[in-house]
Amino acid sequence: MELLSRTLARVKPSPTIAVTTKAQELKAAGRDVIGLGAGEPDFDTPQNIKDAAVAAIASGKTKYTAVDGIPELKQAICAKFKRDNDLDYKPAQVSVSSGGKQVLYNALIATMNPGEEVIIPAPYWVSYPDMVLLAGGTPVIVECQLEQSFKMTPEQLEAAITPNTKWLIFNSPSNPTGAGYTWDELRALTDVLMRHPHVWVMTDDMYEHLAYDDFKFCTPAQVEPQLYDRTLTVNGVSKAYAMTGWRIGYAAGPEKLIGAMRKVQSQSTSNPCSISQYAAVEALNGTQDYIAPHNELFVRRRNLVVKALNAIDGVICPVPEGAFYVYPSIAGLIGKTSAAGTLIENDEVFATALLEETGVAVVFGSAFGLSPNFRISYATSDENLTEACKRITDFCAQLR
Ligand code: PLP
């Protein structure tokens, strides 16, 4: 009998974590490596949030909590949904987990049956298709090209829906492209969903607060209130509050679904870290004043990177509305050969050659379901970005 499960055999490990590990190995071996692979802000968790965690420890808030979140945090989450998204949720409609990743996973495990499908627009966050596979479902990938700003059209959504569709996973602003849907663009998609009452929406709003220029974030249940009863609105504190290591994500939706997710969590990890939950209460209820200055910094870095990449022959880099990623196309470079003699057959070869020949770590597009592209995370210093862009420019200039 085979030791490993057949389900696991269908799943691949996270390629973003693989790139980060490879970059760390090269660094440890003494190479001068600039890592642009990590999906986390480079600034520290704000002091008021750390203080709340220290206070939680000092007052003995170090024991098991309610399985899917302390009442104080559920209250803070309800207040956040009202304040930011004009959505009314009761604490019984809220679930807190160890990161947004676990929220999404719980929801899929709680709902998927063999043969049921999940629509995932590509480029997608790497974990969606594999989570669907782990949950026993079938991912249905809809490719959204650069020419359509990486956004799914209502026609594409309509064509992807079948009687077996259970969920649409929606992510705006997106990881890996940074693309954000306007109210009207989202409305066109929710209009399609209104014609298919069996399809549920899992909206991953993790980058809500990282929205730039005139872009206004919006979320499906806000744009189409009639979808409220079949929408799971997912969010978390990792990105906006620089709290990736604290592992707190949350969601709100119909009580029946939230109860099923609680059941999954109760038989797997139980409650998320008690101290992190108290820190998250402060993140949501405390000052939001540092978000705007952080975003100013991100906009400056985004502009720096987009300008440098677009100056390279064979590279096209759209300007994203949010998050901290860019997703340039390298269609113009495929088929060329690097200075070290590597034939750039696809984006994975490109990213590997770039890392080995210049020490710049990026993630190849095929990991996100749309090629030939690569993803840069610009959540790092201006100096790192300037040097990395210079090395990418030189690398591309030497391709023959
Ligand atoms: N969703 C998206 C689109 C992400 O990019 C990430 C993290 O990279 C997550 C969810 C998970 O975030 P966390 O588990 O840290 O809350």
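The values are calculated or read from the model by the stated rules, or taken from the named source; none is laboratory data. What you see is a predicted model, and the numbers here were worked out from it, not measured in a lab. Note that we place each Cβ from the backbone using ideal geometry, even for glycine, and neighbour counts take in every protein chain shown.
What the table below lists for this structure:
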{"item": "Scan of the stretch 102-116 for residues that are more than 16 Å from the ligand (Cβ to nearest atom) and surrounded by 21 or more Cβ atoms within 10 Å (Cβ to Cβ), ordered by number", "result": "Met112"}
{"item": "Count of the stretch 76-110 residues which are touching a helix residue (DSSP H, G or I) at 6+ places or on another chain (Cβ under 6 Å) and either among the polar types (S, T, N, Q) or modelled with pLDDT under 95 (or both)", "result": "5"}
{"item": "Conditions (1) within 15 Å of the ligand (Cβ to nearest atom); (2) basic (Lys, Arg); (3) within 30 Å of Arg391 (Cα to Cα); number of the one not met by Arg31", "result": "(1)"}
{"item": "Cβ-Cβ under 7 Å pairs, at least 6 apart or on other chains, the stretch 188-199 side farther than 9 Å from Leu157 by Cβ, far side charged (D, E, K, R)", "result": "Thr190/Glu224; Met194/Glu224"}
{"item": "Subset tally (residues that are away from the ligand (no atom under 15 Å from the Cβ), among the aliphatic types (A, V, I, L, M) and within 16 Å of Trp167 (Cα to Cα)) for the stretch 212-241", "result": "2"}
{"item": "Test: Thr342 is of a type in the set (Val, Ile, Thr) and closer than 22 Å to Gly35 by Cβ", "result": "yes"}
{"item": "Selection count, the stretch 216-254, where residues are of a type outside the set (Phe, Trp, Tyr), under 20 Å from Leu193 (Cα atoms) and not in a loop (DSSP other than H, G, I, E, B)", "result": "14"}
{"item": "Yes/no for Pro320 being outside any helix (DSSP H, G or I), within 18 Å of Asp213 (Cα to Cα) and within 15 Å of the ligand (Cβ to nearest atom)", "result": "yes"}
{"item": "Helices (runs of 4 or more DSSP H) completely within the stretch 96-180 that count 1 or more residues being more than 26 Å from Phe364 (Cβ to Cβ) and not assigned by TED's automatic domain parsing to the domain that holds Asp213", "result": "none"}
{"item": "Scan of the stretch 380-400 for residues that are of a type in the set (A, V, I, L, M, F, W, C), crowded, with 16+ Cβ neighbours inside 10 Å and in a helix (DSSP H, G or I), ordered by number", "result": "Leu385, Ala388, Cys389, Ile392, Phe395, Cys396"}
{"item": "Subset of the stretch 208-265 that is of a type in the set (Phe, Trp, Tyr) and out of contact with any strand residue (DSSP E or B) (no Cβ under 9 Å at 6 or more places or on another chain) - its residue that is nearest to Gly100 (Cα to Cα)", "result": "Trp246"}
{"item": "Cross-chain or 6+ apart pairs with Cβ under 6 Å, the stretch 123-136 first and modelled with pLDDT under 95, then part of a loop (DSSP other than H, G, I, E, B) and within 11 Å of the ligand (Cβ to nearest atom)", "result": "Val126/Ser14"}
{"item": "Gln277 crowded, with 17+ Cβ neighbours inside 10 Å and in contact with a Leu (Cβ under 6 Å, 6 or more places away or on another chain)", "result": "yes"}
